[in-house]
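Working notes, structure below.
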Amino acid sequence: MSASGSRGRGRGKRFSRPATGPPEPYRSQSMAIIPEKFHQLNIDNNIPSRPPSLSTTTTTTTSSGRKSNGEQRKSTSRSSNGRAKSTRPFRETIRSAVPDSAIVTFARRPDQGGSAGYKLKVNTNHFKCNIPQTLHCHQYDIELQTANRDGTWRPSKKDDRFVVLRKIIERENFPLVWYDEGKSLYSIELLVGLKDQYEITIKDKKSDREQTYRLLIINLVKSYDIQVLWDFIENKIAIRPRDPIRILETLLKQTTRATMVSVKNQFYDRRQTLDDLGDGRGLAGGFYQAMFLTKLGATININSTFTCFYQPFNLVHFLCEYLQHDIVRDGINDREQQLLLRKVLKPIWLETHHGENIRKYRIRGFGASARQHTFARVVDGNSDDSQERQSVYDYFVEKYNIQLEFPNLPTVELYTPPNKTQFHYLPMECCTIQAWQRSIKPLTTDQRARVTKKTVVNPTHRYQAIMDIVKTRKFNEDKYVNEIGMSIVDDQMVTVSARCIAPPEIKYKSGRDGQSDIVERINIGKWNLRNRFQTTKTINRWACVMVSSQKPNQNQLSIAKQFIDQFPLIISQYGIYFNSSPIMNSDPANPETIHNRLQELKEQNCEVVVFILNGVGEDIYKLIKYFGNQKLGIVTQCTDFVAIAKNIRSKKLDMYLQNLVQKFNAKLGGVNGMVSLARALTSSSTKDDVFMFFGADVTHITCSREKPSIAAIVGSVDSTSTQYASRVGEQYPARGKISLEIIKDLYQMSTDLLKLFAQRNHCFPNKIVFYRDGVDDGHFQKVLDNEIRALQNACKALYLNNPLPKITFIIVKKRHNTRFFIRDPQTGNMNNVQPGTIIDTDIVHPQGFDFYLNSHAAIQGTSRPILYHVLYDEIGFSSDEIQSLTYYLCHSDVRCTKAVSVPAPVHYAHLAAYQSRDADSFDNDRSTTDDFDDNDLVENVGAVTLQEVETRLIQLDPTIQDTMWYV
């Protein structure tokens, strides 16, 4: 049931693969000088010094950067020093299109931290870590290989490496070493008495078959002095020592790795039963563990975590679960087959257990049923088309004495990456989903609700869960921790100093006269909407359209009529008035009908259309937004029929519309409430300054032509810093898949927004505060160097000979695992910290200008503070000023009457990027699927430069482009 070049060929004899492939990757660290003592000891013990092997063959590259099969370097099964060479293309991480740089220096904290607000003490889920300052660690380059039947060697599978190495270490009585599951082995002493090669034979418990492995210790790569950690903490060096931290984190993983699944810095116990989510996936509970260098010293951050894994079901069972019907009874039609391949199956590993060995495959497609799919019978290990043909069903009876239970189901076409020319057709029932494969596919609404119930826990439960994890982990009984002289204070969380600052003033117009300002009182991050908006618009012509999946009945039409009647009356309380009755229609959920209706209303000079969505999917919502925002240029506001009916029955429609009207007014260019940002600035020189606030976000940095990265930038355009305009674009490589950490078109986007600001305010800003979301720790320098330069160049082009604005650039980090708890002195329970709580001492960066701010009140669960890194600060903010300004901006979001977790411009950028994910799918032929291809992970394309990255600005209708369409 395999084929090589042509389909339909029997499995027959397994031939060894040709020994071709690219050479080993160049490792710059392998050029480290090996101590003379190590050389001498090797000579004395007749051990070769193991230099990196060098290939003597050359390679040519095509114009596209790809190596053709005939042009790849050849490698024999063994090199001259007896070490086996890899026979597979080297699989590497996705390359970045942005070159490394170090142009702009990070800002430093301007003071000892802020002083505003009242002081308090909080617990944080960090644990003090004591590391000896005299510790040295050594990194060795190793290979773990598996023996082939013909005597050659291949790289061992990832799942086997840790077990094999551990057995060799125990048998040979190695000194203390630890392993990163890749190509590096670490030790605290030089491995001078060891051989360069060790072999071991291990019997598989399931198949009772023996397999031979070998460990190759190639060379000493580098030695590290852990003293650099202390030098960084004590401000003696500026660059964070990433390698020593990584080495110690690897050591801390060794004990947990034996029984747990490791997903980066998260760990999940293999012995647990997954909480079934009903579509072939299950939820697992685990913990996060990472080391940080803070003002206090080194700490271990521990947090409870959850993630989804695919259930280790038989493939038939899995597909029934995923498709939500019985495929044995109903079969799988062509549409479902394509859906399965595109959405779920391609990146999943399958296992087969019917033969002597457990084999792993990926799926490429579906074939005919086991009764119908035939191939030439294998005779004496050979087959050709002249031979008698037999079916897959007959083959399994004859070869394995297996009577297939579901012979009428399609077979699956399997392959083993990266060899895609040889594939096998196997029955579904012989395939099983390999256990503990993480799923990152989005959850459905029902699944999110189920997951939330389990993962959203109150502060007391989370605190106790973390302490239980630390207790179970038993750091100070870990032999690796003890051997290097390290210890962890694991009996209590670190206690840190915090401050809680006052909220801003939020002004509305009086509900009585509509002229005077009224300041709303903020209570625990929330306030009531009892007065009129600051500025509103009178609407002359509007429409209300009910879109239904099925013809609405009289009761549904009656509810819609009640909503339409009450809508103008309720929102008039906030200063929005309608000068006419609405144009009312009820239409089916048909794209052409929706387009024609909007076209008709546009021609009738409708300013806004309110849609009531009755039993329709998200695709109809996206279609309405596409027609309204991109094609026709008409403001649309969607509402949900179920929510309307529920609120009418409970007589709470006014509360429902209170939330709706805030977005409604913002889209029409109005200002809801006004936050006095000037109160955050204590310096007298800032009174006459003109501030402009930017927010930027990128949906995902890994991108391809099929799945581009969406970059969004918003900028304030009015004097109140309440109205924001956006620019959104796609960015992707011409070929392959790359990592793109920056917004390439930031120069053009920021130029457009600066021009719009000047047009609305008759001047350019002299101070710019830029909040940037979506940046990982390791990418701060790249983002700062490229995006600050782009913003500065935009200003130079527009300001000409006038003074340039001062810029402050701040990274907003939402995805971190630090949490804060405050103990109730009476009950002893843990509570969330209050909105306005700031931590800028103890566990922050030893040198940088960063702080934690909890700006919102958690509705449920444990609140997650936001970590802000001020990377660049020409304005010269004090700690108090930038912290208060950031907190105030969290109160200016037009969508609600509460403080949100991030500053409004950051939230708007996220919304604009999210709303634009499918903006091109109606016009563009480019696929937007989540296709997975192993070629994306194999070194089959040359490096893509930043100049080669393509961009496309997402164009909206001119009447919509500069509005807050995304809220």
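Residues considered: 185, 144. Of these, the only one that is without any contact (Cβ under 8 Å) to a residue 60 or more places away in the chain and crowded, with 18+ Cβ neighbours inside 10 Å is 185. For the subset of the stretch 195-225 comprising residues that are part of a loop (DSSP other than H, G, I, E, B) and touching a residue at least 24 places away in the same chain (Cβ under 8 Å), which member is surrounded by the fewest Cβ atoms within 10 Å (Cβ to Cβ)? Filtering first and then ranking leaves 206.
Within the stretch 269-288, the residues that satisfy the criterion of being surrounded by 18 or more Cβ atoms within 10 Å (Cβ to Cβ) and not in a strand (DSSP E or B) are 274, 277, 279, 280. The residues of the stretch 215-235 that are closer than 17 Å to residue 143 by Cβ and touching a helix residue (DSSP H, G or I) at 6+ places or on another chain (Cβ under 9 Å), listed by number, are 215, 218, 219, 220, 221.
Restricting 171, 149, 166, 161 to residues that are farther than 30 Å from residue 832 by Cα and either part of a strand (DSSP E or B) or free of Cβ contacts under 8 Å to residues at least 24 places away in the same chain (or both) narrows the list to 161. Looking only at the stretch 148-174, residues that are in contact with a helix residue (DSSP H, G or I) (Cβ under 7 Å, 6 or more places away or on another chain) and either polar (S, T, N, Q) or on the phi > 0 side of the Ramachandran plot (or both) come to 1 in all. What number of residues within the stretch 686-721 are among the hydroxyl-bearing types (Ser, Thr, Tyr) and closer than 15 Å to residue 765 by Cβ? Total satisfying the criteria: 5.
To keep it simple, each residue is scored yes or no on (1) within 20 Å of residue 131 (Cα to Cα); (2) surrounded by fewer than 17 Cβ atoms within 10 Å (Cβ to Cβ).
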| residue | (1), (2) |
| --- | --- |
| 234 | yes, yes |
| 241 | yes, no |
| 247 | yes, no |
| 252 | yes, no |
| 259 | no, yes |
| 262 | no, yes |
| 267 | no, no |
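Total residues in the stretch 493-543 satisfying the condition of being in contact (Cβ under 8 Å) with a residue 60 or more places away in the chain, in a loop (DSSP other than H, G, I, E, B) and not charged (D, E, K, R): the figure is 17.
Test residue 725 against the stated conditions and say whether it is at pLDDT 95 or above and assigned to a helix (DSSP H, G or I). Give the derivation first.
Values: at pLDDT 95 or above: yes; assigned to a helix (DSSP H, G or I): no.
No; evaluated as a whole, the condition is false for this residue.
The residue that is farthest from residue 398 (Cα to Cα), counting only those in the stretch 361-386 that are modelled with pLDDT under 90, surrounded by fewer than 18 Cβ atoms within 10 Å (Cβ to Cβ) and of a type in the set (S, T, N, Q), is 386.
The set of residues from the stretch 69-124 being polar (S, T, N, Q) and either under 30 Å from residue 849 (Cβ atoms) or at pLDDT 85 or above (or both) comprises 96, 101, 105, 112, 115, 123, 124.
One residue stands out in the stretch 289-311 among those that are in contact with a helix residue (DSSP H, G or I) (Cβ under 9 Å, 6 or more places away or on another chain) and under 22 Å from residue 340 (Cβ atoms): the one that is surrounded by the most Cβ atoms within 10 Å (Cβ to Cβ), namely 310. Among the residues of the stretch 593-614, those identified as surrounded by fewer than 16 Cβ atoms within 10 Å (Cβ to Cβ) and outside any loop (DSSP other than H, G, I, E, B) are 593, 596, 599, 600, 603.
The listed residues are 538, 593, 495, and the only one of them that is under 29 Å from residue 883 (Cβ atoms) and among the β-branched types (Val, Ile, Thr) turns out to be 495.
Against the test of being free of Cβ contacts under 8 Å to residues at least 12 places away in the same chain, in contact with a strand residue (DSSP E or B) (Cβ under 9 Å, 6 or more places away or on another chain) and not in a helix (DSSP H, G or I), the options 403, 372, 422, 387 yield a single qualifying residue, 387.
Let's see how each residue does on (1) under 19 Å from the mean Cα position of the chain (by Cα); (2) not hydrophobic (A, V, I, L, M, F, W, C):
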site	(1), (2)
669	no, yes
703	yes, no
717	no, no
721	no, yes
727	no, yes
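If you go through the stretch 503-525 and keep only what is surrounded by 14 or more Cβ atoms within 10 Å (Cβ to Cβ) and under 30 Å from residue 123 (Cβ atoms), you end up with 503, 504, 522, 525.
The values are calculated or read from the model by the stated rules, or taken from the named source; none is laboratory data. Not measured: the values here are computed from a predicted model. Glycine also receives a Cβ, built like all others from the backbone with ideal geometry; neighbour counts cover every protein chain displayed.
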